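Heads up: the structure comes next, in structure tokens.
Just so you know, all these numbers are worked out from the coordinates, no wet-lab data involved. These numbers come from a predicted model, not from an experiment. Neighbour counts run over all protein chains shown; Cβ positions are idealised from the backbone, glycine included.
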Amino acid sequence: MTTKEKLTILADSAKYDASCSSSGSTRVNQGGLGSASINGICHSFSSDGRCISLLKILMTNCCIFDCKYCINRKSNQVQRAVFTPEEICCLTINFYKRNYIEGLFLSSGILKSPDYTMEKMIETIFLLRTKYHFNGYIHAKAIPGASEYLLKKLGSLVDRLSANIELPSDNGLKLLAPEKNSRKITNIMAYVKKNQSKTFTPAGQSTQMIIGASKEKDLEILKRSENLYQTFSLKRVFYSAYVPVNQDSLLPTLKTPPLKREHRLYQADWLLRFYNYKAEDLLSEQNPNFNVLLDPKADWAIRHLNEFPKEINQVSYYDLLKIPGIGPTSAKKIISSRRYFKIEFNDLKKMGISVKKAKYFILCNGKYFMNKAFFEANFITKNLLLESIEKIDVQNRQLSLFYEE
Amino acid sequence: MKNENIYIYENFKELLSVIAYLIINQIKPYNIQKKEKVTPSLFTNLIHLDTHTYQQFWNKKLSSKIYSLIKDAYRSEDEYKELVLYYVLLNYQKYGEKVIHMRNLKCVNKLLALSKYVHSENHKWKGFLRFQEMENHFYYAEFEPVNDILELIAPHFKTRFQNENWLIKDVKRKKYAFKKGNHLFFLQEEDILKLELKQSLKEEECEDLWKTFFHTIAIKERTNKKCQQNFMPKRYWKYMIEMEREQ
């Protein structure tokens, strides 16, 4: 089999992994090839609008497991291929030198046993770091069930080492991936968290769960993420809308991947990490799924209208962040500016801050943008919905969260 | 009718001196322009100052923060960038360092916006620039940035590709960054006598592998070309080999 044929098979089987970020590492070039960039760099965007930063491949798509949702499950009749370590190194180096990529993302199906597979991955990455003196970014997927000494070895070679939680709940995992158990996955996360340092997975870890293949509600998913962030200090949880690749009585029949839902989860995930929200602020047992029409923050604000309108010349940073349409960048601009002048509505425009959504929720120097009598839930909801209908390019923004921060 | 005065400068240092002259003499300029960009007209006077005495004016006066903002904004191609710098520095004289937070001033917002634009373009090209492998392990790239960022981007590739020798050409400005061994040179068209570069034998195969990867990694069920184009506007495509088919 030629390298090109292998690449076609092994990139195709790796494409469902959402993570492509190359940020968080400050690996420097010590006389070899390459360096990491702390903010990450996107090198291209594929026709699905996702960022391409790393050469994302599997070492092999052969697998002894039979996870229901996975294209590479044992029982599927697909063409199988195995990359040799030398082939992976050559591809990485040749792509890197032409500035196609920021580094390598290496995952793998399970060949013979978890330990055997990890050893092969380590051999590859060791070769890349030593023989080829490669200092670019490497993200490796740990194989659940592999021995701890192998995790230690792999973690000291890569920038990010992570394990996918695969499904939002343990029940989902039991049903759809009976050979994986969530203990094995969280053990890896705990190990990486405990040992993380400048020389061991400096860019930390991330994980991914498939959305829509099992029955969890958004609340359960978001609580799981919250818990993962707290327990294992993950950098990111990625959500991957389930793309039906297999027929199975245990799997739902979907015509299209649930992209909208994935988008809402990413928005909510952002709110957890950068806006000080808790999962339970956003959803509840009575209201366990996100509003398809309104983004989670606007939805929250309308349910808490008694906390608004907020005077932007006075309220704290975290209160500013609660205003729909205001993010960290705008909040910082407001904080640094208001020490020197009283901010009026037209100042916001000058400052490059969009007031499209925000205007319903703020006061500028005591003034509301229109007659204060209109500050009322129904009116605001209607207007926000009108704007979201006018803006049918939601689809466009849907994937914007894959972009490097 | 009285003619309007346009003040002429040749480089960044001279621009700062011209602005110093204008501020000291309390002259509000009609425009300030770079020598090669000026188009004389019947209704304007071109004034080329002897700015020698003003060269020292900004020494120790500009904080490193404001200096780098100004320097970055200067890399932009904005038609009125010089006036923006003039008004910012005028206000800087009055208010000092805090001027960069005074976003109610139009010139301050413009300065910050220009500098941000320059930096974000620089960041994008760090990813979108494509090298080709030439004979003798030499690497060559062409690009067309909107802003004048060659000097900003070259050091990034110098640290990244320490053992490789390379040449990057800013096609529009006919400028080159040339990295050989530990040295980085910035050259003009006339410095390069003869550029005879031949692609290495491996190049075509490698480009083909990259295109294969690029097309394979996309999830067909999620196709969203508009989103792709939002992140990677068309003006970058010309030099990206994977976008060849799309143009």
**Prompt:** Normalised by the residues of the range B:4-120, what does the relative contact order come to in percent, with Cα pairs under 8 Å and at least six apart?
**Reply:** 28 percent
**Asked** Taking the Cα centre of the range B:202-247 as origin and charging only Cβ (+1 Lys, Arg; -1 Asp, Glu), how large is the dipole, in debye to the nearest 20?
**Response** 460 debye
**Asked** For a paramagnetic label modelled at 7 Å from the Cα of B:Lys37 toward its Cβ, which residues of the range B:104-119 fall within the zone defined by backbone nitrogen distances under 19 Å?
**Response** B:107-119
**Fill in**
Connecting every pair of Cα atoms under 10 Å apart in chain B and solving the GNM, the largest mean-square fluctuation among B:Asp191, B:Asp72, B:Asp148 falls on B:Asp191
**Prompt:** Say R0 is 35 Å: what FRET efficiency, to the nearest 0.05, do A:Lys215 and A:Tyr317 get from their beta-carbon distance?
**Reply:** 0.35
**Message:** Given the DSSP H assignment, sum -39500 (n - 2.57) over each helix run of at least 4 residues in chain A and divide by its residue total; what's the result at 222 nm in deg cm²/dmol, nearest 500?
**Reply:** -11000 deg cm²/dmol
**Prompt:** From the square roots a ≥ b ≥ c of the eigenvalues of the alpha-carbon gyration tensor of the range A:296-402, which class results: rounded (a/c under 1.5), prolate (a/b over b/c), or oblate?
**Reply:** oblate
**Asked** Leaving out same-chain residues fewer than 8 places away, which lysines sit with a Cα under 17 Å from that of A:Lys223?
**Response** A:Lys215, A:Lys235, A:Lys278, A:Lys297
**Prompt:** Which residues make up the longest stretch of chain A that has no trypsin sites (Lys or Arg not before Pro) in a DSSP loop with at most 13 other Cβ atoms within 10 Å?
**Reply:** A:1-111
**Prompt:** For the range B:129-200, what percent of Cα pairs sit more than 16 Å apart?
**Reply:** 45 percent
**Fill in**
Rounded to the nearest whole number, the Stokes-Einstein translational diffusion coefficient of the protein assembly as shown at 37 °C and 0.692 mPa s (Kirkwood radius, C-alpha pairs) in µm²/s is 119 µm²/s
**Request:** Could you list, in their original order, any pairs among A:Lys332/B:Lys124; B:Lys35/B:Lys169; B:Lys71/B:Lys124; A:Lys322/B:Lys116; A:Lys342/B:Lys94 whose Cα atoms are separated by more than 29 Å?
**Result:** none
**Message:** Ignoring everything except DSSP H segments at least 4 long, calculate the 222 nm mean residue ellipticity for chain B; use -39,500 (n - 2.57) per segment, divide by total residues, nearest 500.
**Reply:** -12000 deg cm²/dmol
**Over the range A:61-113, relative contact order from alpha-carbon pairs under 8 Å, at least 6 apart, %** = 47 percent
**Request:** Can you put A:Phe290, A:Phe65 in order of Cβ neighbours within 10 angstrom, beginning with the fewest?
**Result:** A:Phe65, A:Phe290
**Message:** Given axes a ≥ b ≥ c from the Cα gyration tensor, I'd like to know whether the range A:1-116 is rounded (a/c under 1.5), prolate (a/b larger than b/c) or oblate.
**Reply:** prolate
**Request:** For the range A:10-35 and the range A:82-136, compute the distance between their C-alpha centroids and round to whole Å.
**Result:** 11 Å
**Complete:** Projecting the Cα atoms of A:Ser336, A:Leu294, A:Leu265 onto the charge dipole of the range A:239-348, where Lys and Arg contribute +1 and Asp and Glu -1 at Cβ, the residue farthest towards the positive end is A:Ser336
**Fill in**
Quick note, chain B: a/c under 1.5 would make it rounded; otherwise a/b > b/c is prolate and the rest oblate (a ≥ b ≥ c, C-alpha gyration tensor); here it is prolate
**Message:** Can you return the lysines within cross-link range of A:Lys74? Criterion is Cα-Cα under 16 Å, with same-chain partners fewer than 8 residues away left out.
**Reply:** A:Lys112, A:Lys180
**Complete:** Unpartnered Cys in the protein assembly as shown, judged by a 4.7 Å Cβ-Cβ cut-off, are A:Cys20, A:Cys62, A:Cys63, A:Cys89, A:Cys90, A:Cys364, B:Cys107, B:Cys206, B:Cys227
**Request:** Could you sort out which of B:Lys110/B:Lys175; A:Lys310/B:Lys106; A:Lys131/A:Lys153; B:Lys65/B:Lys175; B:Lys34/B:Lys174 sit more than 23 Å apart by Cα distance in this structure?
**Result:** B:Lys110/B:Lys175; A:Lys310/B:Lys106; B:Lys65/B:Lys175
**Request:** Would you check the range B:202-247 for Lys pairs whose C-alpha atoms are within less than 23 Å, ignoring same-chain pairs closer than 8 in sequence, and give me the count?
**Result:** 12
